[in-house]
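Have a look at the structure below before the remarks.
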Amino acid sequence: MTDASSARRRRTATPARVLAALLAGGLTAVGALYALRPPGLDPITIWPLAFWTLPAAVAAILLLPLLRWRLTALVVGYALLVTLVISEEPRFVLREVWSDWDAPVADARADGTLLRVVTMNCAGGRADAIRDALAQQPDILLLQESPGALFVSRTAPEGWQSAGWLDPAIMVHGRLDAGELPPHLAHFMYYGIAYPEALGGDTPVAVLSTRLKLPLLRFDLWRPKTWREAAELRELRATSMAQIATQVRAWGRRPIILGGDFNTPAGDSLLEPLRALGLTDAFAVAGQGWPNTITSDFPVARIDQIWVSEHFRPLAGRVVFTPNSDHRMLVMDLALR
C-alpha cells in the first residue's frame, strides 16, 4: 500500500466509523420502537420493520467505497439481525418446519370440540372471495367488506345462517342469533350468538366480526400534518376498539371469538384492550407458515387476526391465498375446552 493510499484511508476512517455508528444507532432505535410499540408513532410502526431496516442495509452497501468491507458487513449484518429478532415472521415459518398440528386437530374433531374459523376480507364485496372462504370448510366465517346482508344470506349454503350490514358480516354453520345494529356500530363491527353445528348445535359462542378504519399510510414524516392526521385516525380506531371491548365485557364469561381486518399490525398497542380482557391472538399461539395477510400478492403485514377467550385452545392456523381479494384469508382451528 502506498503512502498516499494509507493517508487517504486514515482520513476517511473517522467519517466512516461515524456514519456506520449512525446507521447502527438508527437501526437500534427503530428496533426498539417495534419491540415496544408505543402509541402515537403510527406513521413509523404501521409499516413492516423491513421497510426501515432494508434501506439502512442498502445505504451501507451503496456507501461501500467509504465504509469499506468490514463496516459495510457489520451494518448489513446488524440490519438483518434486528429484522430477524424483532419480526415475528421467522418464528412462524420455523414453527411450520418443526411442528405437527394434525394430531391435535384430529383429536378435537373426534371428540366433537373442533371449531374452524375463517376471516376473509372480500375486497369491496367480491362474492368469489366468500366462495373461496367456504371452500376451507369453516364452521364460522367472519367477513369484512362484504357484498351486503342480502347477498351474504343468498350465498350461505343450506344449514348456514348469516347476519351483517354493508361491511362486517358473520356466517355460521348452525344457528345465529343476531339483532340489527345501529349504523354507527354496524359500519365497523357486527356480532351475535352462534350455535355451531360442529359443537352439537346447542353451545352458545359469542362471535364478532370487525373492520377498523384504515390508518394513514404516508412516508412524509417531516410534515406535522402527517402526524396530526395519523393521530386523528388512530383516535377513531381506538374509539372503535373501546366499543368492541364494551361488547366483549357485556358477554361476560361466555366463549368468545372475535376477528377480522384490524388494519393494525399484530403487537400494536391499539390491540391492548383485547389482551386486557383476557383474549388471545390465536395465530400467535398456533399459527404456522408465512403469517401476513396484506396484500394477497405481496403479504407484508398481519392485520387480519382472530382473537379468542380462554374457553378455546388454538390448535393450528394458516394463511391461505385467494385471487379474489387483496387480502389473504386466515384459517384457525380451535378446540373448545
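Observations
- Residue match in the range 230-250 (condition: within 14 Å of TRP307 (Cα to Cα), β-branched (Val, Ile, Thr) and at pLDDT 95 or above): yes
- Taking the conditions (1) modelled with pLDDT of 95 or more; (2) part of a loop (DSSP other than H, G, I, E, B) in turn, LEU221 satisfies each one other than (1).
- Taken over the range 109-127, the criterion of being more than 21 Å from the chain's Cα centre (by Cα) and closer than 21 Å to GLY159 by Cβ is satisfied by ARG109, GLY112, THR113, LEU114, ALA127.
- Extreme residue, surrounded by the fewest Cβ atoms within 10 Å (Cβ to Cβ), among residues of the range 40-52 that are among the β-branched types (Val, Ile, Thr) and part of a helix (DSSP H, G or I): ILE44
- Tally of residues being assigned to a loop (DSSP other than H, G, I, E, B) and either among the small types (Gly, Ala, Ser) or closer than 20 Å to GLN144 by Cβ (or both) across the range 257-300: 19
- Candidates are the residues of the range 162-177 that are assigned to a loop (DSSP other than H, G, I, E, B) and touching a strand residue (DSSP E or B) at 6+ places or on another chain (Cβ under 9 Å); the one that is surrounded by the most Cβ atoms within 10 Å (Cβ to Cβ) is PRO168.
- Listed by first and then second residue, the pairs linking a residue in the range 77-99 that is closer than 15 Å to LEU33 by Cα to a residue that is assigned to a loop (DSSP other than H, G, I, E, B) and modelled with pLDDT of 95 or more, with Cβ atoms under 7 Å apart and 6 or more places separating them unless they lie on different chains, are THR83/LEU49; ILE86/LEU49; SER87/LEU49; GLU88/PRO291.
Condition check ((1) small (Gly, Ala, Ser); (2) surrounded by 18 or more Cβ atoms within 10 Å (Cβ to Cβ); (3) in contact with a His (Cβ under 8 Å, 6 or more places away or on another chain)) across all residues:
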residue	(1), (2), (3)
LEU54	no, no, no
VAL58	no, no, no
ARG70	no, no, no
ALA73	yes, no, no
GLY77	yes, no, no
VAL85	no, no, no
PHE92	no, yes, no
ARG95	no, no, no
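The values are calculated or read from the model by the stated rules, or taken from the named source; none is laboratory data. Quick caveat: nothing in here was measured; it's all calculated off a predicted structure. Virtual Cβ from ideal backbone geometry, glycine too; neighbours counted across all protein chains shown.
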